[in-house]
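The values are calculated or read from the model by the stated rules, or taken from the named source; none is laboratory data. Predicted, not measured: the structure shown is a model, and the values here were computed from it. Here the Cβ positions follow ideal geometry from the backbone for every residue, glycine too, while neighbour counts run over all protein chains shown.
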Amino acid sequence: MSTAEQIKTRRESLGLDPKKMAVSLAMNEPSYWDLEGHDDELSDVAEFSQAIHLSQLLGVRLLALLEENFDYVKSRRLSFQDLHEMILRKISDGELKKDELSWDIDEFLEAPTIGFEYPILFLKLISPEVGFDWREVVAKYEDSELGWPKLE
């Protein structure tokens, strides 16, 4: 089942109101409906923190919503701070030029937690260039409580 279908089916099976979902995710209703209507919206448009919160509201792992297989036992977890240090090390060692990356990372280098405000697409684009598996970052945070309000 596709990402959008999973979101809609899971929400309906839990009896959750789409208007309340939108409010809880701090987005307008049309943006929420896009999550249920377009497979790429969750990874390409929604903020990472919104994607985490949505998966928690639906009671499903974010990587499962994204239709990704991931070995939770054998794989490492990368925090934004770990990724920040990896990028700085590779820049310092001459292995990486920040101006050649697919994403402008200046803000990320100043404050790595801004990664929660970027879409997952940020991780997907820079992962092959930097040399990490973007799913390791998602796995690190998908169970995190990020201070989002509970659905009423």
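Might you let me know whether segment 85-97 holds any residue that is in the same structural domain as Lys8 (by TED's automatic domain parsing) and part of a loop (DSSP other than H, G, I, E, B)?
If we filter segment 85-97 for residues that are in the same structural domain as Lys8 (by TED's automatic domain parsing), which is where we start, we get none.
No, segment 85-97 contains no residue that is in the same structural domain as Lys8 (by TED's automatic domain parsing) and part of a loop (DSSP other than H, G, I, E, B).
The residues on offer are Ser24, Ser31, Ser43, and the sole one that is under 23 Å from Glu117 (Cβ atoms), crowded, with 16+ Cβ neighbours inside 10 Å, of a type outside the set (A, V, I, L, M, F, W, C) and over 14 Å from the mean Cα position of the chain (by Cα) is Ser24.
Which residue out of Gln81, Gln50 is crowded, with 20+ Cβ neighbours inside 10 Å, closer than 28 Å to Leu25 by Cα and polar (S, T, N, Q)?
Going through Gln81, Gln50 in turn, the sole match is Gln50.
Which residues, taken from segment 131-140, are of a type in the set (Phe, Trp, Tyr) and either in a loop (DSSP other than H, G, I, E, B) or over 12 Å from the mean Cα position of the chain (by Cα) (or both)? First the steps, then the outcome.
Filtering segment 131-140 down to residues of a type in the set (Phe, Trp, Tyr) leaves 132, 134.
Passing the criteria: only Phe132.
The residue list Tyr72, Tyr141 contains one member that is loosely packed, with under 14 Cβ neighbours inside 10 Å, touching a residue at least 40 places away in the same chain (Cβ under 8 Å) and of a type in the set (Phe, Trp, Tyr), which is Tyr72. Of the set (1) closer than 17 Å to Ala22 by Cα; (2) part of a loop (DSSP other than H, G, I, E, B), all apply to Ser49 but (2). Only one of the numbered conditions (1) surrounded by 13 or more Cβ atoms within 10 Å (Cβ to Cβ); (2) under 14 Å from the mean Cα position of the chain (by Cα); (3) not polar (S, T, N, Q) is violated by Glu67, and that is (1).
Reported count of residues in segment 98-130, each being more than 15 Å from the chain's Cα centre (by Cα), surrounded by 18 or more Cβ atoms within 10 Å (Cβ to Cβ) and in a loop (DSSP other than H, G, I, E, B), is 1.
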